[in-house]
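All remarks here apply to the structure that follows.
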Ligand code: UDP
Ligand code: MG
């Protein structure tokens, strides 16, 4: 049993894609264990993406992530980290496999609609960043 962090980035709610994406998650068998709609401050978005500090895209990424409502959630299941990454598809939608969320919904390499932890270590850091207390 594994848990991973999901974020539906601002373009998801902006384009009324929240329900469609959550439906894909549930259809895959992953359990939505936590779910909340919030607005990230630029500071909180930058801290969340600290591993990308110094990269050329970080300022635009922070502006994107803080421009509107995001949906943060925790997804639970066997191999949840890998399964959620597979449902998401590649970072750049141009390279994403058919049927993935990013292939079907993402705008471009930045505005790619969804986030998922990429390893057990990142999940262990990212889940408590948004869900510090048990239900
Ligand atoms: N990103 C970007 N330009 C790039 C690479 C990434 O704007 O060249 C953004 C994009 O929103 C991506 C996020 O930065 O989802 C984090 O990048 P990462 O490489 O961790 O991709 P992910 O894990 O989200 O697939
Ligand atoms: Mg990443």
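Quick notes
- Cα gyration tensor of the stretch 59-115 - equivalent ellipsoid semi-axes, whole Å, descending: 20, 16, 8
- Extension gain, residue 133 back to residue 82 (0.36 nm per residue minus Cα-Cα distance, nm): 15.9 nm
- Helical contribution to [θ] at 222 nm, DSSP H n ≥ 4, -39,500 (n - 2.57), averaged over the chain, rounded to 500: -11000 deg cm²/dmol
- Within the listed set 21, 109, 101, the Gaussian network model of the chain (springs between alpha-carbon atoms below 10 Å) gives the highest mean-square fluctuation for 109.
- With kT/(6 pi eta Rh) evaluated at 4 °C and eta = 1.567 mPa s, and Rh the Kirkwood radius from Cα pairs, the chain diffuses with a coefficient of 87 µm²/s according to Stokes-Einstein.
Computed from the coordinates by the stated procedures, all read-outs in this text should not be read as laboratory data. All figures in this text were calculated on a predicted structure; none of them were measured in a lab.
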